[in-house]
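Asks: Quick one: the structure is below, questions incoming.
The values are calculated or read from the model by the stated rules, or taken from the named source; none is laboratory data. Remember, predicted model here, so these are calculated numbers, not experimental data. All Cβ positions, glycine included, derive from the backbone under ideal geometry; neighbour counts span all protein chains shown.
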Amino acid sequence: MSKPSIPKGTRDFGPLEVGKRNFIFDTIRSVFVKYGYQPIETPTMESLSTLTGKYGEEGDKLLFKVLNNGDFLKKADHDALEQKNSVRLIPSIAKRGLRYDLTVPFARFVVMNQNSITFPFKRYQIQPVWRADRPQKGRYQEFYQCDVDVVGSNSLMYEAELVQIYDEAFAKLGIDVTIKINNRKVLFGMAEAAGIADQFMDMTMAIDKLDKIGEDGVKNEMLKRDIPESAIEKILGMMKLSSLDDLETSFQDSETGLKGIEELRTFHKYFDLKESTNTVKFDITLARGLNYYTGCIVEVAANNVQIGSVGGGGRYDDLTGVFGLKGVSGVGVSFGADRIYDVMEELDIFPEEATQGLSLLFIAFDDAAHNYAFDCLNKSRAAGIASELYPAPVKLNKQMKYANARNVPYVALVGSQEMEQNVVALKNMETGDQILVSMEELIKKMS
RNA sequence: GUGAUUGUAGCUCAGUUGGUUAGAGCAUCGGUUUGUGGUACCGAGGGUCGCGGGUUCAAAUCCCGUCUUUCACCCCA
(Lines give C-alpha, C1' and ligand atoms only; values in the text may rest on other atoms or scores of the structure.)
Protein backbone atom coordinates (compact mmCIF):
# COMPACT_ATOMS: atom_id res chain seq x y z
CA MET A 1 0.00 0.00 0.00
CA SER A 2 1.42 3.37 -0.96
CA LYS A 3 1.56 6.14 1.59
CA PRO A 4 -1.42 8.49 1.50
CA SER A 5 -0.96 12.06 0.37
CA ILE A 6 -2.99 15.14 -0.47
CA PRO A 7 -3.03 17.04 -3.77
CA LYS A 8 -0.50 19.77 -4.29
CA GLY A 9 -1.35 23.19 -3.00
CA THR A 10 -3.77 21.80 -0.40
CA ARG A 11 -3.26 21.39 3.33
CA ASP A 12 -4.67 19.56 6.30
CA PHE A 13 -5.65 21.58 9.32
CA GLY A 14 -5.26 19.99 12.76
CA PRO A 15 -7.09 21.15 15.90
CA LEU A 16 -4.50 23.83 16.57
CA GLU A 17 -4.64 25.27 13.07
CA VAL A 18 -8.42 25.24 12.90
CA GLY A 19 -8.57 27.00 16.26
CA LYS A 20 -6.30 29.73 14.98
CA ARG A 21 -8.11 30.01 11.69
CA ASN A 22 -11.47 30.25 13.41
CA PHE A 23 -10.06 33.08 15.47
CA ILE A 24 -9.38 34.93 12.22
CA PHE A 25 -12.83 34.14 10.82
CA ASP A 26 -14.61 35.10 14.03
CA THR A 27 -12.72 38.36 14.32
CA ILE A 28 -13.38 39.39 10.74
CA ARG A 29 -16.98 38.22 10.87
CA SER A 30 -17.72 40.25 13.98
CA VAL A 31 -16.61 43.39 12.15
CA PHE A 32 -18.70 42.53 9.09
CA VAL A 33 -21.77 42.04 11.25
CA LYS A 34 -21.19 45.26 13.12
CA TYR A 35 -21.18 47.18 9.84
CA GLY A 36 -24.50 45.64 8.88
CA TYR A 37 -23.47 42.96 6.40
CA GLN A 38 -25.38 39.70 6.03
CA PRO A 39 -23.96 36.26 5.29
CA ILE A 40 -24.60 34.23 2.17
CA GLU A 41 -23.07 31.02 0.83
CA THR A 42 -22.89 29.77 -2.72
CA PRO A 43 -22.13 26.26 -4.01
CA THR A 44 -18.59 24.95 -4.35
CA MET A 45 -19.30 24.21 -8.00
CA GLU A 46 -20.64 26.71 -10.46
CA SER A 47 -21.63 26.13 -14.06
CA LEU A 48 -18.44 26.47 -16.02
CA SER A 49 -20.11 29.03 -18.26
CA THR A 50 -20.65 31.25 -15.21
CA LEU A 51 -16.92 31.28 -14.54
CA THR A 52 -15.19 31.28 -17.91
CA GLY A 53 -14.31 34.61 -19.43
CA LYS A 54 -14.60 36.51 -16.15
CA TYR A 55 -10.97 36.42 -15.10
CA GLY A 56 -9.21 36.94 -18.39
CA GLU A 57 -7.43 34.37 -20.44
CA GLU A 58 -4.96 33.58 -17.67
CA GLY A 59 -7.76 33.11 -15.20
CA ASP A 60 -9.55 30.62 -17.43
CA LYS A 61 -6.47 28.44 -17.39
CA LEU A 62 -6.48 28.46 -13.60
CA LEU A 63 -10.06 27.28 -13.29
CA PHE A 64 -10.56 23.80 -11.91
CA LYS A 65 -12.95 21.95 -14.18
CA VAL A 66 -15.16 19.16 -12.93
CA LEU A 67 -15.36 16.23 -15.30
CA ASN A 68 -18.89 15.28 -16.31
CA ASN A 69 -20.33 12.12 -14.83
CA GLY A 70 -21.38 9.10 -16.84
CA ASP A 71 -20.03 8.26 -20.24
CA PHE A 72 -18.65 11.71 -20.87
CA LEU A 73 -16.49 10.68 -23.82
CA LYS A 74 -19.53 9.67 -25.82
CA LYS A 75 -20.78 13.25 -25.72
CA ALA A 76 -17.36 14.82 -26.21
CA ASP A 77 -16.54 17.11 -29.10
CA HIS A 78 -14.96 14.50 -31.33
CA ASP A 79 -13.27 16.96 -33.65
CA ALA A 80 -11.58 18.67 -30.74
CA LEU A 81 -10.65 15.30 -29.27
CA GLU A 82 -9.07 14.15 -32.48
CA GLN A 83 -7.15 17.37 -32.91
CA LYS A 84 -6.11 17.19 -29.24
CA ASN A 85 -7.49 20.69 -28.76
CA SER A 86 -8.05 20.83 -25.00
CA VAL A 87 -9.57 24.29 -24.89
CA ARG A 88 -12.30 23.37 -27.35
CA LEU A 89 -12.82 19.96 -25.80
CA ILE A 90 -13.43 21.22 -22.26
CA PRO A 91 -16.99 22.58 -22.67
CA SER A 92 -18.13 19.24 -24.04
CA ILE A 93 -16.73 17.15 -21.18
CA ALA A 94 -16.97 19.53 -18.20
CA LYS A 95 -20.05 21.60 -17.53
CA ARG A 96 -19.05 22.56 -13.99
CA GLY A 97 -16.06 24.18 -12.33
CA LEU A 98 -14.89 25.05 -8.82
CA ARG A 99 -15.38 28.66 -7.82
CA TYR A 100 -12.34 30.83 -8.47
CA ASP A 101 -13.36 33.69 -6.21
CA LEU A 102 -16.45 34.84 -4.33
CA THR A 103 -17.23 37.96 -6.33
CA VAL A 104 -18.43 36.36 -9.55
CA PRO A 105 -20.64 33.81 -7.77
CA PHE A 106 -22.01 36.74 -5.77
CA ALA A 107 -22.84 38.64 -8.95
CA ARG A 108 -24.61 35.54 -10.23
CA PHE A 109 -26.48 35.30 -6.93
CA VAL A 110 -27.60 38.91 -7.14
CA VAL A 111 -28.91 38.49 -10.67
CA MET A 112 -30.76 35.30 -9.85
CA ASN A 113 -32.30 36.76 -6.69
CA GLN A 114 -32.82 40.32 -7.88
CA ASN A 115 -36.53 40.25 -7.08
CA SER A 116 -36.11 39.19 -3.47
CA ILE A 117 -33.11 41.39 -2.69
CA THR A 118 -33.52 44.84 -1.19
CA PHE A 119 -30.90 47.26 -2.48
CA PRO A 120 -28.40 48.34 -1.42
CA PHE A 121 -27.59 44.73 -0.63
CA LYS A 122 -24.74 44.24 1.83
CA ARG A 123 -23.39 40.74 2.07
CA TYR A 124 -20.37 38.94 3.42
CA GLN A 125 -19.18 35.51 2.44
CA ILE A 126 -16.46 33.33 3.96
CA GLN A 127 -15.77 30.27 1.86
CA PRO A 128 -12.88 28.48 0.17
CA VAL A 129 -11.97 29.07 -3.46
CA TRP A 130 -9.78 27.06 -5.82
CA ARG A 131 -7.13 28.00 -8.34
CA ALA A 132 -4.99 25.63 -10.39
CA ASP A 133 -1.93 27.80 -9.83
CA ARG A 134 1.57 26.60 -9.09
CA PRO A 135 1.90 26.70 -5.30
CA GLN A 136 4.34 29.17 -3.81
CA LYS A 137 4.83 31.05 -0.61
CA GLY A 138 1.38 32.27 0.43
CA ARG A 139 -0.19 30.68 -2.66
CA TYR A 140 -2.31 27.61 -2.42
CA GLN A 141 -4.68 25.82 -4.75
CA GLU A 142 -7.34 25.88 -2.08
CA PHE A 143 -7.71 28.90 0.17
CA TYR A 144 -10.32 30.90 2.01
CA GLN A 145 -11.57 34.30 1.06
CA CYS A 146 -13.62 36.57 3.27
CA ASP A 147 -15.52 38.93 1.01
CA VAL A 148 -17.66 41.92 1.88
CA ASP A 149 -19.53 43.65 -0.89
CA VAL A 150 -22.38 46.06 -1.29
CA VAL A 151 -24.29 46.25 -4.55
CA GLY A 152 -26.95 48.66 -5.73
CA SER A 153 -25.47 51.96 -4.65
CA ASN A 154 -23.03 54.42 -6.16
CA SER A 155 -22.31 56.13 -2.90
CA LEU A 156 -18.65 56.54 -2.06
CA MET A 157 -19.69 56.27 1.54
CA TYR A 158 -19.35 52.54 1.02
CA GLU A 159 -15.77 52.81 -0.17
CA ALA A 160 -15.05 54.64 3.07
CA GLU A 161 -16.98 52.07 5.09
CA LEU A 162 -15.11 49.15 3.56
CA VAL A 163 -11.74 50.73 4.22
CA GLN A 164 -12.89 51.29 7.79
CA ILE A 165 -13.68 47.59 7.96
CA TYR A 166 -10.16 46.78 6.79
CA ASP A 167 -8.69 49.15 9.33
CA GLU A 168 -10.76 47.81 12.19
CA ALA A 169 -10.41 44.12 11.35
CA PHE A 170 -6.64 44.23 11.01
CA ALA A 171 -6.36 46.25 14.18
CA LYS A 172 -8.41 43.60 15.99
CA LEU A 173 -6.22 40.85 14.59
CA GLY A 174 -3.15 42.74 15.72
CA ILE A 175 -1.60 43.05 12.27
CA ASP A 176 0.07 46.29 11.32
CA VAL A 177 -0.89 47.04 7.71
CA THR A 178 -0.72 49.68 5.04
CA ILE A 179 -3.91 50.26 3.09
CA LYS A 180 -3.20 51.55 -0.39
CA ILE A 181 -5.92 53.25 -2.34
CA ASN A 182 -6.21 54.45 -5.91
CA ASN A 183 -8.85 54.88 -8.59
CA ARG A 184 -9.00 53.24 -11.96
CA LYS A 185 -10.28 56.48 -13.43
CA VAL A 186 -7.13 58.22 -12.24
CA LEU A 187 -5.07 55.57 -14.00
CA PHE A 188 -7.14 56.04 -17.10
CA GLY A 189 -6.65 59.79 -16.80
CA MET A 190 -2.92 59.18 -16.81
CA ALA A 191 -3.15 57.13 -19.96
CA GLU A 192 -5.35 59.77 -21.56
CA ALA A 193 -3.05 62.63 -20.54
CA ALA A 194 -0.15 60.71 -22.05
CA GLY A 195 -2.15 60.14 -25.22
CA ILE A 196 -2.30 56.35 -24.95
CA ALA A 197 -5.86 55.75 -23.80
CA ASP A 198 -6.02 52.69 -26.04
CA GLN A 199 -3.07 51.14 -24.23
CA PHE A 200 -4.55 51.68 -20.78
CA MET A 201 -4.33 48.02 -19.77
CA ASP A 202 -0.70 47.70 -20.88
CA MET A 203 0.17 50.78 -18.90
CA THR A 204 -1.52 49.64 -15.68
CA MET A 205 0.08 46.22 -15.81
CA ALA A 206 3.48 47.83 -16.16
CA ILE A 207 3.18 50.36 -13.35
CA ASP A 208 1.64 47.79 -11.02
CA LYS A 209 5.08 46.19 -10.93
CA LEU A 210 6.91 49.27 -9.71
CA ASP A 211 7.56 47.79 -6.26
CA LYS A 212 9.18 44.77 -7.78
CA ILE A 213 11.13 45.97 -10.79
CA GLY A 214 11.73 49.66 -10.08
CA GLU A 215 11.30 52.65 -12.33
CA ASP A 216 13.64 51.41 -15.04
CA GLY A 217 11.87 48.09 -15.06
CA VAL A 218 8.53 49.80 -15.52
CA LYS A 219 9.99 51.82 -18.38
CA ASN A 220 11.29 48.69 -20.11
CA GLU A 221 8.02 46.93 -19.53
CA MET A 222 6.14 49.76 -21.23
CA LEU A 223 8.61 49.84 -24.12
CA LYS A 224 8.06 46.12 -24.55
CA ARG A 225 4.34 46.80 -24.78
CA ASP A 226 4.88 49.33 -27.59
CA ILE A 227 4.08 52.43 -25.58
CA PRO A 228 5.83 55.41 -27.21
CA GLU A 229 8.75 56.88 -25.32
CA SER A 230 7.26 60.37 -25.10
CA ALA A 231 4.18 58.92 -23.41
CA ILE A 232 6.34 56.90 -21.01
CA GLU A 233 8.14 60.04 -19.87
CA LYS A 234 4.81 61.73 -19.17
CA ILE A 235 3.55 58.72 -17.24
CA LEU A 236 6.71 58.41 -15.15
CA GLY A 237 6.44 62.12 -14.41
CA MET A 238 2.86 61.81 -13.25
CA MET A 239 3.73 58.79 -11.12
CA LYS A 240 5.89 61.02 -8.98
CA LEU A 241 3.02 63.31 -8.15
CA SER A 242 1.79 62.41 -4.72
CA SER A 243 -0.93 65.00 -4.23
CA LEU A 244 -4.32 65.03 -5.86
CA ASP A 245 -3.99 68.76 -6.55
CA ASP A 246 -0.89 68.28 -8.68
CA LEU A 247 -2.50 65.47 -10.59
CA GLU A 248 -5.53 67.60 -11.23
CA THR A 249 -3.50 70.07 -13.26
CA SER A 250 -2.10 67.23 -15.38
CA PHE A 251 -5.60 65.95 -16.03
CA GLN A 252 -7.12 69.14 -17.44
CA ASP A 253 -7.90 67.35 -20.70
CA SER A 254 -9.10 64.12 -19.19
CA GLU A 255 -12.65 64.14 -18.01
CA THR A 256 -12.32 60.63 -16.63
CA GLY A 257 -9.15 61.48 -14.77
CA LEU A 258 -10.80 64.47 -13.11
CA LYS A 259 -13.74 62.30 -12.14
CA GLY A 260 -11.34 59.87 -10.49
CA ILE A 261 -9.77 62.64 -8.46
CA GLU A 262 -13.16 63.87 -7.40
CA GLU A 263 -14.09 60.36 -6.28
CA LEU A 264 -10.96 60.07 -4.18
CA ARG A 265 -11.74 63.42 -2.56
CA THR A 266 -15.27 62.30 -1.79
CA PHE A 267 -13.88 59.11 -0.28
CA HIS A 268 -11.67 61.12 2.03
CA LYS A 269 -14.53 63.41 2.96
CA TYR A 270 -16.21 60.40 4.54
CA PHE A 271 -13.21 58.45 5.68
CA ASP A 272 -11.33 61.27 7.37
CA LEU A 273 -14.14 61.82 9.85
CA LYS A 274 -12.84 58.97 11.92
CA GLU A 275 -9.31 58.34 13.04
CA SER A 276 -7.80 55.16 11.64
CA THR A 277 -5.37 52.78 13.30
CA ASN A 278 -3.44 51.85 10.18
CA THR A 279 -1.87 53.97 7.47
CA VAL A 280 -4.18 54.69 4.55
CA LYS A 281 -2.38 56.23 1.63
CA PHE A 282 -2.99 57.18 -1.94
CA ASP A 283 -0.77 55.11 -4.21
CA ILE A 284 -0.95 56.01 -7.87
CA THR A 285 0.98 52.88 -8.81
CA LEU A 286 -1.66 50.57 -7.39
CA ALA A 287 -3.40 49.00 -10.37
CA ARG A 288 -4.75 45.52 -9.52
CA GLY A 289 -5.08 42.88 -12.15
CA LEU A 290 -8.76 42.07 -12.29
CA ASN A 291 -10.13 44.14 -15.10
CA TYR A 292 -13.69 44.46 -13.86
CA TYR A 293 -12.78 47.27 -11.49
CA THR A 294 -13.89 50.70 -12.68
CA GLY A 295 -13.55 53.11 -9.74
CA CYS A 296 -11.73 53.12 -6.43
CA ILE A 297 -9.33 50.26 -5.88
CA VAL A 298 -7.72 49.24 -2.64
CA GLU A 299 -5.08 46.80 -1.51
CA VAL A 300 -3.71 45.85 1.89
CA ALA A 301 -0.11 44.92 2.58
CA ALA A 302 1.18 43.65 5.92
CA ASN A 303 4.06 45.66 7.31
CA ASN A 304 7.13 43.77 8.55
CA VAL A 305 6.29 40.58 6.66
CA GLN A 306 7.45 39.55 3.22
CA ILE A 307 4.28 38.23 1.65
CA GLY A 308 1.89 39.25 -1.12
CA SER A 309 -1.12 41.38 -0.35
CA VAL A 310 -3.45 40.18 2.40
CA GLY A 311 -6.51 41.76 0.90
CA GLY A 312 -7.82 43.83 -1.96
CA GLY A 313 -10.90 45.06 -3.71
CA GLY A 314 -12.59 47.93 -5.42
CA ARG A 315 -15.58 49.36 -7.23
CA TYR A 316 -17.02 47.52 -10.21
CA ASP A 317 -19.74 49.33 -12.07
CA ASP A 318 -21.13 46.54 -14.13
CA LEU A 319 -20.28 43.16 -12.73
CA THR A 320 -23.82 41.88 -12.98
CA GLY A 321 -24.08 43.13 -16.54
CA VAL A 322 -22.55 39.96 -17.93
CA PHE A 323 -25.39 38.04 -16.31
CA GLY A 324 -28.03 40.33 -17.78
CA LEU A 325 -28.66 42.82 -14.99
CA LYS A 326 -27.52 46.29 -16.02
CA GLY A 327 -26.91 49.35 -13.94
CA VAL A 328 -26.09 47.71 -10.63
CA SER A 329 -22.91 49.17 -9.19
CA GLY A 330 -20.97 47.26 -6.59
CA VAL A 331 -18.00 47.74 -4.37
CA GLY A 332 -16.29 45.14 -2.26
CA VAL A 333 -13.14 44.00 -0.58
CA SER A 334 -11.67 40.64 0.24
CA PHE A 335 -9.55 39.30 3.10
CA GLY A 336 -7.03 36.58 2.22
CA ALA A 337 -7.51 34.44 5.32
CA ASP A 338 -4.71 32.00 4.59
CA ARG A 339 -2.15 34.72 4.11
CA ILE A 340 -3.39 36.48 7.21
CA TYR A 341 -2.83 33.16 8.97
CA ASP A 342 0.72 32.93 7.64
CA VAL A 343 1.44 36.50 8.68
CA MET A 344 0.12 35.97 12.20
CA GLU A 345 2.08 32.74 12.47
CA GLU A 346 5.26 34.45 11.38
CA LEU A 347 4.75 37.34 13.79
CA ASP A 348 3.59 34.88 16.47
CA ILE A 349 0.62 37.00 17.50
CA PHE A 350 -2.17 34.44 17.88
CA PRO A 351 -3.72 34.92 21.31
CA GLU A 352 -3.70 32.03 23.77
CA GLU A 353 -7.51 31.72 23.67
CA ALA A 354 -7.39 30.90 19.97
CA THR A 355 -5.92 27.48 20.64
CA GLN A 356 -7.47 26.54 23.98
CA GLY A 357 -10.44 24.24 23.71
CA LEU A 358 -10.54 22.24 26.92
CA SER A 359 -10.83 23.99 30.31
CA LEU A 360 -10.93 21.11 32.74
CA LEU A 361 -9.87 17.46 32.83
CA PHE A 362 -11.09 15.01 35.48
CA ILE A 363 -8.69 12.33 36.63
CA ALA A 364 -9.75 9.34 38.71
CA PHE A 365 -7.60 7.08 40.86
CA ASP A 366 -9.74 3.95 40.83
CA ASP A 367 -12.96 2.51 39.46
CA ALA A 368 -15.20 3.85 42.20
CA ALA A 369 -13.70 7.30 41.80
CA HIS A 370 -14.09 7.07 38.04
CA ASN A 371 -17.82 6.71 38.42
CA TYR A 372 -17.95 9.57 40.93
CA ALA A 373 -15.85 11.69 38.57
CA PHE A 374 -18.28 11.06 35.73
CA ASP A 375 -21.02 12.49 37.89
CA CYS A 376 -18.84 15.56 38.57
CA LEU A 377 -18.14 15.79 34.84
CA ASN A 378 -21.86 15.96 34.10
CA LYS A 379 -22.21 18.82 36.55
CA SER A 380 -19.35 20.85 35.10
CA ARG A 381 -20.63 20.30 31.57
CA ALA A 382 -24.10 21.36 32.64
CA ALA A 383 -22.49 24.57 33.87
CA GLY A 384 -21.04 25.13 30.43
CA ILE A 385 -17.42 24.30 31.23
CA ALA A 386 -15.59 22.53 28.42
CA SER A 387 -14.54 19.45 30.33
CA GLU A 388 -13.50 15.85 29.94
CA LEU A 389 -12.81 12.73 32.01
CA TYR A 390 -9.87 10.48 31.24
CA PRO A 391 -11.48 7.24 30.05
CA ALA A 392 -9.88 4.91 32.57
CA PRO A 393 -8.41 5.19 36.08
CA VAL A 394 -4.94 4.27 34.88
CA LYS A 395 -1.67 5.44 36.36
CA LEU A 396 -1.56 9.07 37.37
CA ASN A 397 1.56 9.65 35.35
CA LYS A 398 -0.18 8.69 32.16
CA GLN A 399 -3.26 10.76 32.89
CA MET A 400 -1.21 13.81 33.77
CA LYS A 401 0.78 13.47 30.59
CA TYR A 402 -2.47 13.48 28.68
CA ALA A 403 -3.45 16.68 30.49
CA ASN A 404 -0.19 18.27 29.40
CA ALA A 405 -0.68 17.16 25.83
CA ARG A 406 -4.13 18.72 25.80
CA ASN A 407 -2.73 21.93 27.24
CA VAL A 408 -5.57 22.01 29.75
CA PRO A 409 -5.30 24.76 32.39
CA TYR A 410 -6.99 22.80 35.22
CA VAL A 411 -7.32 19.18 36.26
CA ALA A 412 -9.67 17.84 38.91
CA LEU A 413 -8.28 14.82 40.74
CA VAL A 414 -10.67 12.38 42.36
CA GLY A 415 -9.86 9.47 44.71
CA SER A 416 -11.34 7.85 47.79
CA GLN A 417 -10.35 10.77 50.03
CA GLU A 418 -12.10 13.30 47.81
CA MET A 419 -15.17 11.09 47.53
CA GLU A 420 -15.47 10.85 51.32
CA GLN A 421 -15.50 14.63 51.66
CA ASN A 422 -17.63 15.10 48.51
CA VAL A 423 -14.99 17.33 46.90
CA VAL A 424 -12.42 17.25 44.11
CA ALA A 425 -8.77 18.30 44.15
CA LEU A 426 -8.57 21.16 41.66
CA LYS A 427 -5.06 21.61 40.36
CA ASN A 428 -3.79 24.59 38.44
CA MET A 429 -1.53 23.03 35.82
CA GLU A 430 0.55 26.12 35.36
CA THR A 431 1.38 26.93 38.97
CA GLY A 432 0.93 23.43 40.38
CA ASP A 433 -1.28 24.79 43.19
CA GLN A 434 -3.97 22.44 44.39
CA ILE A 435 -7.08 23.03 46.47
CA LEU A 436 -9.98 20.90 47.67
CA VAL A 437 -13.30 22.27 46.44
CA SER A 438 -16.88 21.08 46.13
CA MET A 439 -18.37 20.95 42.66
CA GLU A 440 -20.43 24.05 43.45
CA GLU A 441 -17.28 25.95 44.33
CA LEU A 442 -15.48 24.62 41.29
CA ILE A 443 -18.21 25.78 38.94
CA LYS A 444 -18.28 29.19 40.58
CA LYS A 445 -14.53 29.49 40.27
CA MET A 446 -14.31 28.39 36.67
CA SER A 447 -17.21 30.21 35.06
C1' G B 1 2.20 27.55 -18.51
C1' U B 2 8.23 28.49 -18.31
C1' G B 3 12.83 27.66 -15.46
C1' A B 4 15.09 25.78 -11.10
C1' U B 5 14.71 22.92 -6.44
C1' U B 6 13.22 19.06 -2.82
C1' G B 7 11.78 13.98 -1.08
C1' U B 8 15.50 8.87 4.05
C1' A B 9 11.23 6.59 10.93
C1' G B 10 5.18 10.29 13.08
C1' C B 11 8.53 15.19 12.94
C1' U B 12 13.59 17.62 12.02
C1' C B 13 17.63 15.79 9.64
C1' A B 14 22.78 12.61 9.06
C1' G B 15 24.23 8.83 5.57
C1' U B 16 31.85 9.08 2.60
C1' U B 17 34.32 7.78 -4.43
C1' G B 18 27.88 3.13 -5.52
C1' G B 19 29.86 -1.80 -1.10
C1' U B 20 27.87 -5.82 5.17
C1' U B 21 22.14 -5.64 9.02
C1' A B 22 20.32 2.60 6.70
C1' G B 23 21.60 6.15 11.83
C1' A B 24 20.64 10.46 15.49
C1' G B 25 17.54 13.94 18.16
C1' C B 26 12.49 14.88 19.20
C1' A B 27 7.80 12.29 19.51
C1' U B 28 5.30 7.42 20.80
C1' C B 29 5.01 3.05 24.04
C1' G B 30 6.94 0.43 28.48
C1' G B 31 9.87 0.82 33.03
C1' U B 32 12.53 3.40 37.37
C1' U B 33 7.49 5.55 40.07
C1' U B 34 -0.02 1.75 42.36
C1' G B 35 -2.17 9.65 45.21
C1' U B 36 0.32 13.90 41.25
C1' G B 37 2.60 16.28 35.09
C1' G B 38 6.60 19.22 32.47
C1' U B 39 12.99 17.19 34.45
C1' A B 40 16.34 12.81 34.70
C1' C B 41 17.79 7.71 33.70
C1' C B 42 16.90 2.66 31.38
C1' G B 43 14.49 -0.05 27.50
C1' A B 44 11.24 -1.08 23.17
C1' G B 45 8.59 -0.50 18.72
C1' G B 46 8.72 2.12 14.18
C1' G B 47 11.81 2.75 7.35
C1' U B 48 9.69 -1.42 -0.04
C1' C B 49 15.22 5.54 1.41
C1' G B 50 8.29 9.46 -2.65
C1' C B 51 6.63 6.09 -6.74
C1' G B 52 7.85 3.38 -11.47
C1' G B 53 11.59 1.86 -14.72
C1' G B 54 16.89 1.48 -16.16
C1' U B 55 22.54 0.91 -15.51
C1' U B 56 25.56 -2.43 -12.23
C1' C B 57 28.14 -8.34 -9.27
C1' A B 58 26.03 -4.49 -5.97
C1' A B 59 21.75 1.58 -5.84
C1' A B 60 19.30 5.78 -0.44
C1' U B 61 23.67 7.13 -3.65
C1' C B 62 24.19 7.07 -10.98
C1' C B 63 20.41 7.73 -15.37
C1' C B 64 15.15 8.39 -17.26
C1' G B 65 10.03 9.17 -16.22
C1' U B 66 6.29 10.55 -12.73
C1' C B 67 4.21 12.68 -8.27
C1' U B 68 5.26 16.04 -4.32
C1' U B 69 7.95 20.39 -1.78
C1' U B 70 10.14 25.05 -2.06
C1' C B 71 11.52 29.28 -5.16
C1' A B 72 11.58 32.81 -9.41
C1' C B 73 8.65 34.25 -13.80
C1' C B 74 3.44 34.66 -15.45
C1' C B 75 -0.57 35.90 -12.70
C1' C B 76 -2.59 36.61 -8.04
C1' A B 77 -5.05 36.28 -2.12
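Asks: Anything in region A:62-96 that is assigned to a helix (DSSP H, G or I), within 16 Å of RNA strand B (Cβ to nearest atom) and touching a residue at least 12 places away in the same chain (Cβ under 8 Å)? List them, or say none.
Replies: Restricting attention to region A:62-96, the residues satisfying the condition of being assigned to a helix (DSSP H, G or I) are A:78-82, A:86-93.
Now restrict to residues that are within 16 Å of RNA strand B (Cβ to nearest atom): A:86-87, A:89-90.
Once the filter is applied, which keeps residues that are assigned to a helix (DSSP H, G or I), within 16 Å of RNA strand B (Cβ to nearest atom) and touching a residue at least 12 places away in the same chain (Cβ under 8 Å), region A:62-96 yields A:Leu89, A:Ile90.
Asks: Could you check region A:132-164 and list, in sequence order, the residues that are under 19 Å from A:Pro105 (Cα atoms) and within 16 Å of RNA strand B (Cβ to nearest atom)?
Replies: Of everything in region A:132-164, those that are under 19 Å from A:Pro105 (Cα atoms) and within 16 Å of RNA strand B (Cβ to nearest atom) turn out to be A:Ala132, A:Gln141, A:Glu142, A:Phe143, A:Tyr144, A:Gln145, A:Cys146, A:Asp147, A:Val148, A:Asp149.
Asks: Touching a Phe, Trp or Tyr at 6+ places or on another chain (Cβ under 8 Å) and either modelled with pLDDT of 95 or more or under 18 Å from A:Arg315 (Cβ atoms) (or both) - does that describe any residue in region A:204-215? Don't jump to the end; show me each part of the working.
Replies: Kept after step one, since they are touching a Phe, Trp or Tyr at 6+ places or on another chain (Cβ under 8 Å), are these residues of region A:204-215: none.
There is no residue in region A:204-215 that is touching a Phe, Trp or Tyr at 6+ places or on another chain (Cβ under 8 Å) and either modelled with pLDDT of 95 or more or under 18 Å from A:Arg315 (Cβ atoms) (or both).
Asks: While we're looking at this one, here's another question. Say we look at region A:226-242 and pick out the residues that are exposed (fewer than 15 other Cβ atoms within 10 Å of the Cβ) and over 31 Å from the mean Cα position of the chain (by Cα); which of these is nearest to RNA strand B (Cβ to nearest atom)?
Replies: To start, the set of residues in region A:226-242 that are exposed (fewer than 15 other Cβ atoms within 10 Å of the Cβ) comprises A:226, A:228-230, A:233, A:237, A:240, A:242.
In the following step, the residues that additionally are over 31 Å from the mean Cα position of the chain (by Cα) were identified as A:226, A:228-230, A:233, A:237, A:240.
On the way: A:Asp226: 15, A:Pro228: 20, A:Glu229: 21, A:Ser230: 24, A:Glu233: 22, A:Gly237: 23, A:Lys240: 23 Å.
The extreme case among them is A:Asp226.
Asks: Just checking, does region A:388-407 include any residue being within 8 Å of RNA strand B (Cβ to nearest atom), free of Cβ contacts under 8 Å to residues at least 40 places away in the same chain, farther than 21 Å from A:Glu353 by Cβ and small (Gly, Ala, Ser)?
Replies: The answer is no, given that none of the residues of region A:388-407 is within 8 Å of RNA strand B (Cβ to nearest atom), free of Cβ contacts under 8 Å to residues at least 40 places away in the same chain, farther than 21 Å from A:Glu353 by Cβ and small (Gly, Ala, Ser).
Asks: Tell me, please, whether a residue that is touching a strand residue (DSSP E or B) at 6+ places or on another chain (Cβ under 7 Å), of a type in the set (A, V, I, L, M) and touching a residue at least 60 places away in the same chain (Cβ under 8 Å) can be found in region A:103-119.
Replies: Within region A:103-119, one or more residues are touching a strand residue (DSSP E or B) at 6+ places or on another chain (Cβ under 7 Å), of a type in the set (A, V, I, L, M) and touching a residue at least 60 places away in the same chain (Cβ under 8 Å).
Results for (1) within 15 Å of RNA strand B (Cβ to nearest atom); (2) part of a loop (DSSP other than H, G, I, E, B), shown as yes or no for each residue.
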| site | (1), (2) |
| --- | --- |
| A:Thr277 | no, yes |
| A:Lys281 | no, no |
| A:Thr285 | yes, yes |
| A:Val322 | no, no |
| A:Val333 | yes, no |
| A:Ile340 | yes, no |
| A:Ala373 | yes, no |
| A:Lys379 | no, no |
